[in-house]
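Reviewing the structure listed below.
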Protein chains: 2
Amino acid sequence: MAKIQRVAELAGVSTATVSRALAGKTSVSPATKAKVEAAAKELGYVVSSAASSLASGRTRNVGVVLPYLDSWFFMAVLKGAQRLLADAGYDVTLYHLPPANGLEEDIEGAQRRARLFDEFLRRQRCDAILAVNLELDDAERATLGDLRRPLVGLGGPLPGLHTLSLDDTAVARCATQHLLDLGHRHIAHITGDPDFERDFQMPATRRAGYEASLADAGVESDPLLVRHANFTIEGGYAATKELLTDPRIHPTAIFAASDEMAIGAILAARDLGRDVAGDVSIIGVDGHDLAEFFGLTTIDQFPERQGQQVAQLVLDELAGDGVEAVDEALPYQLVARRSTAPLRQP
Amino acid sequence: MAKIQRVAELAGVSTATVSRALAGKTSVSPATKAKVEAAAKELGYVVSSAASSLASGRTRNVGVVLPYLDSWFFMAVLKGAQRLLADAGYDVTLYHLPPANGLEEDIEGAQRRARLFDEFLRRQRCDAILAVNLELDDAERATLGDLRRPLVGLGGPLPGLHTLSLDDTAVARCATQHLLDLGHRHIAHITGDPDFERDFQMPATRRAGYEASLADAGVESDPLLVRHANFTIEGGYAATKELLTDPRIHPTAIFAASDEMAIGAILAARDLGRDVAGDVSIIGVDGHDLAEFFGLTTIDQFPERQGQQVAQLVLDELAGDGVEAVDEALPYQLVARRSTAPLRQP
DNA sequence: CCACCGCATGCAAGCGTTTACATTAGTGGG
DNA sequence: CCCACTAATGTAAACGCTTGCATGCGGTGG
């Protein structure tokens, strides 16, 4: 039996009034509202989300799509978003969507991806989708468009939808400029592997910022100073060992496109007996929890706050404040620590 | 209009048949099934989860309750569980439930916790709950019991429900024994802070295993050799600096209750100019991604596989294989790497 | 004093499925 | 050739809420 019935009977009102009283929206007299709430509490009543969704078309649930579940950065974002959404009464359902790698042989991955779009996201389980670092092909874009639900992105821009993104060019310039300002001229760069993930723009963008900054300073860029890793500590470590032992180059500073790679760089430098900052300055990007611990200079992008911001955006769109599909810039900030220092004069 | 209607019309059958054909359960002739599937595909039809849930009482959704969203370990578990559940067609909705810290002043945390139990978990949005490292009070236990849904725990035992847990005593003994076998007698232990999280048994249990193992070997345990950290790299680092510089003690080996603390220990030893393995052997627990990178000897507990296993348990219970409420032991394995070595003879 | 208005509430029609039960057609044994 | 039985399908009643519309009521301005 419709459980709301029981509450209605106990409170001596109709189910309609119970519904209205508990939703808190439309006009219900304070006295009635109190009675209903008392009855609900006494019976331990909580609305059935299925029934409520079916009747109202609203689910009180937001889908969060993440490319990685094992990366510090995305978890920080998730944490921020989850908290804000939960406080607003929304559940979060989590979808894992690894970046399409474009590899022929990854049939399983492609199937999972297709299934996510064709099946999971279309069940109308979410009032809105919050997608982090999502790159879409046209069919996928169409699927999401058909949902007719707010769709908000973090790390865009994604054409046609509201996104929050970091200005990767500016961030890279900021990091590079910091090293230039310290007097460094042989600045290496560790970034993502452009072949590794199809369509993942960020590494290329940061590299462009790095090169532009060098160019502005009249420093010639050397392809040998750019290495690819995959955003992991191990990757940064390996790349740095190469950079610091290649006899053709003599970098005095390294700009890593993520803090995890920068931490790997610090460890590699130490293992090679180089003095971090003294012999080689290292700067990262992210604002990793461990940056403080390692004394890592970084461009903090406040990931947890990003999660909150993008969640707030979702809530705004759900509230109908029909924001237009724009791309907003996220804040970032240079945090100077011990891993960077002025170039030691030879 | 009931969209299933359209499919039914296009396929020339009743909605009941469409429902059956798409669910794939009951008897539908292959021909009809094909027609229905074609019609559904043509219309891009996907069942509305709300309607389906309301009618069937099943949601195809599993709630996963985690104590931390920013810890490597829990994310590894989540990753494993999410994948298995997604492959089985289940959505995962994520609930963040920080451990109750028992602090009077943490009203906000207590409210969040209460709200999770009283509101979120009771909306009948989940077919089952998968709880990781959950510690419940009686009222909470009652709430979850009232749900009448499968409730499975990882890291128990939780009285009355089916759990998978690591034998923390055995793990600690295994780690300690490894160090004893290498000839160490002054073995330090870094574990969690018992006051930090009310009711979180694991640190105490591991410590007990450590002490039992020492006792078995006839080695006297020294409270000075036990330090508390909070399962972070920073914590392990700080604790290790203390251990290695306290003039009253001379540990030649450290057993850290987590790999992250063990990594902190390695970094601390290095910073103090000690040779890891040569001067001080270090062993952790978890099987962290970075253990290989740091050459860390560890007791691997295969967190991602734990996630899969506990997810499988959920699926089994949902399939009605009414497993009884038992506590099953999870596998673990000593992985010896470079951070442990035989005691150097003085 | 009346017509009108707005607020609080009730009534009942959905919302889009699933599924128990009824119905029909086909099958093999007696 | 009939019957009992099974497999495939249809019929229609839930499922537990939300919400447009109707109703009743006290107050207000003319």
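Once phi is turned into θ = phi - 60°, what whole-Hz ³J(HN,Hα) does the Karplus curve with 6.51, -1.76 and 1.60 give for every residue of segment B:44-53, x standing for Gly and Pro?
Along segment B:44-53, the couplings run x, 7, 9, 4, 7, 5, 5, 5, 4, 5 Hz.
Could you give me the ³J(HN,Hα) list for segment A:262-273, computed from phi with Karplus coefficients 6.51, -1.76, 1.60 and θ = phi - 60°, whole Hz, x at Gly and Pro?
5, 5, x, 5, 4, 5, 5, 4, 4, 4, 8, x
Counting only DSSP beta bridges with both residues in segment B:233-346, tell me the antiparallel percent, nearest 5.
Percent antiparallel among DSSP bridges in segment B:233-346 is about 25.
Indicate, rounded to the nearest 5 percent, the antiparallel portion of the DSSP beta bridges found entirely in the protein assembly as shown.
Percent antiparallel among DSSP bridges in the protein assembly as shown is about 10.
Using Cα springs under 10 Å in a Gaussian network model of chain A, which residue among A:L22, A:L147, A:L69 shows the largest mean-square fluctuation?
Maximum among the listed residues: A:L22.
Tell me whether segment A:168-300 comes out rounded, prolate or oblate; compute the Cα gyration tensor, take square roots of the eigenvalues as a ≥ b ≥ c, and use a/c under 1.5 as the rounded threshold.
rounded
Let me have the 222 nm mean residue ellipticity of chain A computed from DSSP H runs of 4+ only, each contributing -39500 (n - 2.57), with the sum over all residues rounded to the nearest 500.
Helix contribution divided over all residues of chain A: -13500 deg cm²/dmol.
Tell me the GluC sites (Glu not before Pro) within segment B:224-289 that lie in a loop according to DSSP and have at most 14 other beta-carbon atoms within 10 Å.
Numbers: sites: B:E234, B:E242, B:E260; in loops: none.
The qualifying sites: there are none.
Just to check, using Stokes-Einstein with a Kirkwood Rh over alpha carbon pairs, what's the diffusion coefficient of chain B at 37 °C and 0.692 mPa s in µm²/s?
On the way: Rh = 22.6 Å.
Approximately 145 µm²/s, per Stokes-Einstein.
If I compute solvent accessible area with a 1.4 Å probe over the protein chains, what percent of it on segment A:168-300 is carbon and sulfur?
Reported share for carbon and sulfur atoms: 48 percent.
Starting at the first residue of segment B:58-74, write each ³J(HN,Hα) from the Karplus equation 6.51 cos²θ - 1.76 cosθ + 1.60 with θ = phi - 60°, in whole Hz, x for Gly and Pro.
Taking θ as phi minus 60°, the curve returns 10, 10, 6, 8, 10, x, 10, 9, 10, x, 9, 9, 10, 10, 4, 4, 5 Hz for segment B:58-74.
Gain in length, B:L103 to B:R270, computed as 0.36 nm per residue apart minus the alpha-carbon separation, to one decimal in nm?
Gain in length upon complete extension: 56.5 nm.
B:G153's amide H: which non-local residues (gap 5+, or another chain) put their own amide H closer than 5 Å, with H modeled 1.01 Å from N in plane and none for Pro or chain starts?
Close amide H contacts, sequence-distant or interchain: B:A131, B:H162, B:T163, B:L164.
Pull up the cross-link candidates among the lysines for B:K79, meaning alpha carbon to alpha carbon under 18 Å and not fewer than 8 places away within one chain.
A:K79
Count the DSSP beta bridges whose two residues both fall in chain A, then state the antiparallel fraction as a percent rounded to the nearest 5. Spell out each step's value before the answer.
Details: 3 of 38 bridges.
Just about 10 percent of them are antiparallel.
Nearest 0.05, what FRET efficiency do A:T26 and B:E292 give at R0 = 60 Å with Cβ-Cβ as r?
The pair A:T26/B:E292 has a calculated efficiency of 0.50.
Which residue, B:G295, B:G278, B:G320, tops the fluctuation ranking in a GNM of chain B built on C-alpha contacts under 10 Å?
Residue with maximal mean-square fluctuation among B:G295, B:G278, B:G320: B:G320.
Counting only other residues whose beta carbon sits under 13 Å from that of B:T143, what net charge do I get with K and R as +1, D and E as -1?
Within the 13 Å Cβ shell, the charges total +1.
Which entries in A:K3/A:K25; A:K3/A:K35; A:K241/B:K241 show an alpha-carbon gap greater than 25 Å? Could you put the intermediate results ahead of the total?
Values: A:K3/A:K25 20 Å; A:K3/A:K35 16 Å; A:K241/B:K241 27 Å.
Table pairs above 25 Å Cα-Cα are A:K241/B:K241.
Efficiency by 1/(1 + (r/R0)^6): what FRET value for B:V326 and A:R248, r their Cβ-Cβ distance, R0 = 60 Å, to the nearest 0.05? Provide the component values of the computation, followed by the final result.
Details: r = 63 Å, r/R0 = 1.05.
The value I calculate is 0.45.
Report the relative contact order of segment A:3-47, percent, no decimals, based on alpha-carbon pairs under 8 angstrom and at least 6 residues apart. Walk me through the numbers before you get to the answer.
Details: 41 pairs, mean separation 18.7, N = 45.
Relative contact order of segment A:3-47: 42 percent.
Per residue, how much accessible area does the protein assembly as shown have with a 1.4 Å probe, in Å²?
Heavy-atom SASA per residue in the protein assembly as shown reads 44 Å².
Charges at C-beta only: +1 for Lys and Arg, -1 for Asp and Glu. How large is the resulting dipole of chain A about its Cα centre, in Debye rounded to 20?
1600
Tell me which residues come under 5 Å, amide H to amide H, from A:R60 once H is placed; ignore anything under 5 positions away on its chain.
Amide H to amide H, under 5 Å and 5 or more residues apart or across chains, A:R60 pairs with A:D127.
What are the residues whose amide H is under 5 Å from the amide H of A:R227, where those residues sit 5 or more places off or on another chain and H is modelled from the backbone?
Sorted by chain and number, the residues that satisfy this are A:H189, A:I190, A:T191.
When the dipole is taken about the Cα centre of segment B:3-47, and only Lys, Arg (+1) and Asp, Glu (-1) are charged at their Cβ, what size is it in debye, to the nearest 20?
100
For chain A, with a Gaussian network of springs between Cα atoms less than 10 Å apart, report the residue from A:E42, A:E105, A:E304 with the top mean-square fluctuation.
Evaluated over chain A, the most mobile residue of the options is A:E42.
Can you give the average number of partner chain beta-carbon atoms within 10 Å of each beta-carbon in peptide B:73-81, as a whole number?
3
Tell me whether segment A:53-154 comes out rounded, prolate or oblate; compute the Cα gyration tensor, take square roots of the eigenvalues as a ≥ b ≥ c, and use a/c under 1.5 as the rounded threshold.
Values: a/c = 2.21, a/b = 1.28, b/c = 1.73.
Note, shape of segment A:53-154 comes out oblate.
Report relative contact order for chain B in percent, whole number only (criteria: Cα-Cα under 8 Å, sequence separation at least 6).
About 17 percent, as a whole number.
By how many nm would the segment from A:D146 to A:T169 grow when fully extended, if each residue of separation counts as 0.36 nm and the alpha-carbon distance is taken off?
Using 0.36 nm per residue and subtracting the Cα-Cα distance, I get 5.0 nm.
Quick one: grab the alpha carbon gyration tensor of segment A:66-117, order the square roots of its eigenvalues as a ≥ b ≥ c, and give me rounded if a/c is under 1.5, else prolate or oblate depending on whether a/b is larger than b/c.
oblate
Mind grabbing the interface size between A and B? I mean buried accessible area, both sides, 1.4 Å probe, in Å² to the nearest hundred.
4500
The values are calculated or read from the model by the stated rules, or taken from the named source; none is laboratory data. Since this is a predicted model, take the numbers as computed values, not measurements. A quick note on method: Cβ atoms are made from the backbone with ideal geometry, for glycine too, and the neighbour counts reach across all protein chains shown. Quick note on the areas: whole protein, heavy atoms, side chains included, nothing else; ligands and nucleic acids left out. Shrake-Rupley method; radii C 1.70, N 1.55, O 1.52, S 1.80 Å.
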